[in-house]
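*Asks:* One structure, pasted below without further comment.
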Amino acid sequence: MIITDFTPPAGMELVYQRPESLVDVQTHYCPGCTHGVAHRLLAEAIDELDLRERSILVAPVGCSVFAYRYFEVDSCVAAHGRAPAMATGIKRVQPENIVITYQGDGDLASIGIAEIIHAAARGENITTIFINNAIYGMTGGQMAPTTLPGQKTTSSPCGRDVESTGFPLRVCEMLAQLDGAAYIVRRSLHDVKNIRKAKKAIVTALKAQVNGLGFGMVELLSSCPTNWGMSPQQALSWIETNMIPYYSLGEYKVIDAVNALD
Amino acid sequence: MAKEMIKGNEAIAEAAVRVGLEAYFGYPITPQTELLEHLSGRMVELGRVFVQAESEVAVVNMVYGAACAGARVMTSSSSPGFSLMQEGLSYIAGSELPCVVVDVMRGGPGLGNILPSQGDYFQVTRSAGHGDFRPIVLAPASVQEAIDFTVLAFELADKYRHIVIVALDGQVGQMMEPAELPAMGEVARERPDWALTGAKGRPPNVVLSVYLEGEREEAYNLKVQAKLKEIKSAEQRWLEFATEDARLLVIGYGTAGRIAYSAVQAARERGIRVGLLRPQTLWPFPEDRISSLADRMDGCLVIEMNAGQMLEDVRLAVGGQIPVSFYGRMGGIVPMPDEILDAITHECKRLAIHESIERSC
Ligand SMILES: Cc1ncc(C[n+]2csc(CCOP(=O)(O)OP(=O)(O)O)c2C)c(N)n1
Ligand code: SF4
């Protein structure tokens, strides 16, 4: 519920409040975790486009499994990695709804890589928010398909050895190759400037869905201070110094019809 | 509606269309593929949803999604594909959603072959996914029954918010017989109040299968178990032939049950006091009737196209009152009536049901 009973003191304007699409509860996310920032951006975007009553959120298996508790929209929880397939089922029978999957990197890029590729290839008219924190957060910090070379995790204690574990997946680069993809963008949540850009991308992705333009995904480089073993501030710096060099920010695919929206 | 010659798989597909199937998701696999092919044309022509997905894993999760939104939804596959669907079926069961799944069983294990089999009995009746649940399982033995059970499957799925599996061996799926289809019906556009349709003018609906606290998960399980108990008492279905004065009860379902019927008829012609019970629901298993028939039989003979899976349910139903023996073929081999007749006469000898055999000789 939105805080409606707050009146700003005389001469002051209310400029910041909880979006209507967010539920007024404390989240279970660790202090400094950027899942919370991503939730807020998505909720703001839904509000701005007046989509709350039309939206259906598909939560993943991962730290954000409880996303359904935080959004004031219809929602469900998919099996690990299967959110794009579940979203396909929903969208095909409820085309008037706005269907959004919210997925971590283990969920989307490992166990669910087939489902995301084919949803994009079909040009499924859904929106995916992809939280890339280079680790399996929920299960306690194991190596993810996006874990960086040399990065220490609980299942790569000496650092990710690409000789035996292969290389991280760059999902935006992969999906951008697909004709069904309409909007594929990578953004980061490590500072205010980038957070604003991330928000703009989410708005564009949702607009693309409203206009039936095809598959949209916004990848957000995100922090997991708990499993990275860092303070929240160190973790944000680590995104900038370690993740962005490997995962370049940018627009990987923006079809003309999406460009024409703005 | 007049009778027409129609193939089992196509009959199921068309019956589903006519009772308002709104969405179908599938993946090709023999001996089920005609179902998918039929729907690829029909659903699109009617402006309904058809998706050939990238795998059965994706298929079942698309079914999960469409079921969340309250649509009448179905998929079909054959044994290896069904195995891949188990994860999703468990989630669907954990969310109490209705859907219909057709399993046209083939020879296994592994890749096996594309011949008719009943090797998935355990899988469909017991282990359709992790956790405590049992789908309703209907086992047609003819094209007409395949049609009728498809119609029934949707009714039961909606009535109980439950998974209903139509489990047939490849023989029923592949054969052509004269059968009557239901009248053409429309898709029901209204959605149940629990469906995900957007929280417009109401609080948000949530569909999930996760309850972190043990007490809540147990409460959910207790609710499901109460529902299963209700299904068990209300939905056991079977057919009987010549059981009134029988001393040996033959039990078989699907194609095995149908061939056993020919064998039992032949045995009757020879004066052998044998009867047949053909389960139409594999879960709930017609255990009450089998248990009461066992009171007046000398023995039971189970016929299956597997190594003896329903056999365990028959033994449980009979509860040790009388001997239960088994005759089955595997690997996609369909037993001949003569083989079953031999098994019947052998069993009668073993159980000393002498007079009837002598009379027949
Ligand atoms: C089929 C299956 N395999 C494994 C798991 C265990 N599991 C739960 S969450 C998770 C990893 C999630 O990591 P990610 O998607 O990166 O999300 P994060 O927690 O980092 O936000 C795993 C492996 C599961 N629930 N289901
Ligand atoms: S474990 Fe990591 S990703 Fe999960 S809530 Fe904590 S900080 Fe966030």
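*Asks:* Residues being within 15 Å of ligand 1 (Cβ to nearest atom) and over 16 Å from A:L220 (Cβ atoms): count how many of those fall in region A:39-56. Before the answer, list the steps.
*Replies:* Filtering region A:39-56 down to residues within 15 Å of ligand 1 (Cβ to nearest atom) leaves A:39, A:42.
Retained after the next criterion (residues that are over 16 Å from A:L220 (Cβ atoms)): none.
So the count comes out to 0.
*Asks:* Which members of region A:146-162 meet the condition of being among the β-branched types (V, I, T) and away from ligand 1 (no atom under 16 Å from the Cβ)?
*Replies:* If the condition is that a residue be among the β-branched types (V, I, T) and away from ligand 1 (no atom under 16 Å from the Cβ), then A:V162 is the only one that fits.
*Asks:* Let me ask something else about it. Could you list, in sequence order, all residues of region A:111-145 that are buried (at least 24 other Cβ atoms within 10 Å of the Cβ) and either within 10 Å of another protein chain (Cβ to nearest Cβ) or away from ligand 1 (no atom under 11 Å from the Cβ) (or both)?
*Replies:* A:G112, A:E115, A:I116, A:A119, A:A120, A:E124, A:N125, A:I126, A:T127, A:T128, A:I129
*Asks:* Under 9 Å between Cβ atoms, at least 6 apart or on separate chains: pull out the pairs that start in region A:19-45 with a residue that is of a type in the set (D, E, K, R) and end on any residue that is assigned to a loop (DSSP other than H, G, I, E, B) and modelled with pLDDT under 95.
*Replies:* A:E20/A:M1; A:E20/A:I2; A:D24/A:M1; A:D24/A:I2; A:D24/A:I3; A:D24/A:R18; A:R40/A:R18
*Asks:* Show me the strands (runs of 3 or more DSSP E) found entirely inside region B:257-339 where at least 3 residues are within 19 Å of the chain's Cα centre (by Cα).
*Replies:* B:274-279, B:281-283, B:299-304
*Asks:* Using the structure shown, decide if B:S209 is touching a strand residue (DSSP E or B) at 6+ places or on another chain (Cβ under 8 Å), surrounded by 18 or more Cβ atoms within 10 Å (Cβ to Cβ), more than 17 Å from B:S77 (Cβ to Cβ) and within 14 Å of another protein chain (Cβ to nearest Cβ).
*Replies:* Considered against the rule, which asks whether it is touching a strand residue (DSSP E or B) at 6+ places or on another chain (Cβ under 8 Å), surrounded by 18 or more Cβ atoms within 10 Å (Cβ to Cβ), more than 17 Å from B:S77 (Cβ to Cβ) and within 14 Å of another protein chain (Cβ to nearest Cβ), B:S209 comes out as yes.
*Asks:* Of the residues that make up region A:239-253, is at least one surrounded by 21 or more Cβ atoms within 10 Å (Cβ to Cβ), within 13 Å of ligand 2 (Cβ to nearest atom) and at pLDDT 95 or above?
*Replies:* Scanning region A:239-253 turns up at least one residue that is surrounded by 21 or more Cβ atoms within 10 Å (Cβ to Cβ), within 13 Å of ligand 2 (Cβ to nearest atom) and at pLDDT 95 or above.
*Asks:* Need the failing condition index for B:Q225 against (1) closer than 28 Å to A:G62 by Cα; (2) not in a loop (DSSP other than H, G, I, E, B), just the number.
*Replies:* (1)
*Asks:* Name the pairs: first residue in region A:101-121 and closer than 25 Å to A:D74 by Cβ, second residue charged (D, E, K, R) and within 12 Å of ligand 1 (Cβ to nearest atom), Cβ to Cβ under 8 Å, at least 6 apart or on different chains?
*Replies:* Close Cβ pairs (under 8 Å, with a partner that is charged (D, E, K, R) and within 12 Å of ligand 1 (Cβ to nearest atom)) amount to A:G112/A:R82; A:E115/A:R82.
*Asks:* What about B:A67, is it more than 14 Å from chain A (Cβ to nearest Cβ) and surrounded by 24 or more Cβ atoms within 10 Å (Cβ to Cβ)?
*Replies:* Criteria not met by B:A67.
*Asks:* Restricting the search to region B:150-167, which residues are assigned to a helix (DSSP H, G or I) and within 11 Å of the chain's Cα centre (by Cα)?
*Replies:* Correct list: B:T150, B:A153.
*Asks:* Working only within region A:142-177, note down all residues that are in contact with a Gly (Cβ under 7 Å, 6 or more places away or on another chain) and small (G, A, S).
*Replies:* A:A144, A:G150, A:G159
*Asks:* Turning to a different aspect of this structure: Would you call B:W194 farther than 21 Å from B:P98 by Cβ and not acidic (D, E)?
*Replies:* Here the answer is no, as B:W194 does not meet what is asked.
*Asks:* Next up: Can you name the residue in region A:96-110 that is more than 9 Å from every other protein chain (Cβ to nearest Cβ) and closer than 18 Å to A:L42 by Cβ and, of all such residues, is surrounded by the fewest Cβ atoms within 10 Å (Cβ to Cβ)?
*Replies:* A:D105
*Asks:* Need a quick list: helices (runs of 4 or more DSSP H) entirely within region A:5-95 having at least 3 residues that are under 26 Å from B:R202 (Cα atoms) and within 13 Å of chain B (Cβ to nearest Cβ).
*Replies:* Numbers: elements: A:35-48, A:67-70, A:83-93.
Counting at least 3 such residues, we get A:67-70, A:83-93.
*Asks:* Just checking, which of A:I244, A:I239 is within 16 Å of ligand 1 (Cβ to nearest atom) and part of a helix (DSSP H, G or I)?
*Replies:* Among A:I244, A:I239, only A:I239 is within 16 Å of ligand 1 (Cβ to nearest atom) and part of a helix (DSSP H, G or I).
*Asks:* Does region A:120-145 hold any residues that are more than 13 Å from ligand 2 (Cβ to nearest atom) and not aliphatic (A, V, I, L, M), and which are they?
*Replies:* A:R122, A:G123, A:E124, A:N125, A:T127, A:T128, A:F130, A:P145, listed by residue number.
The values are calculated or read from the model by the stated rules, or taken from the named source; none is laboratory data. Just so you know, these numbers come straight off a predicted model, no measurement behind them. Positions of Cβ are backbone-derived with ideal geometry, glycine not excepted, and every protein chain shown enters the neighbour counts.
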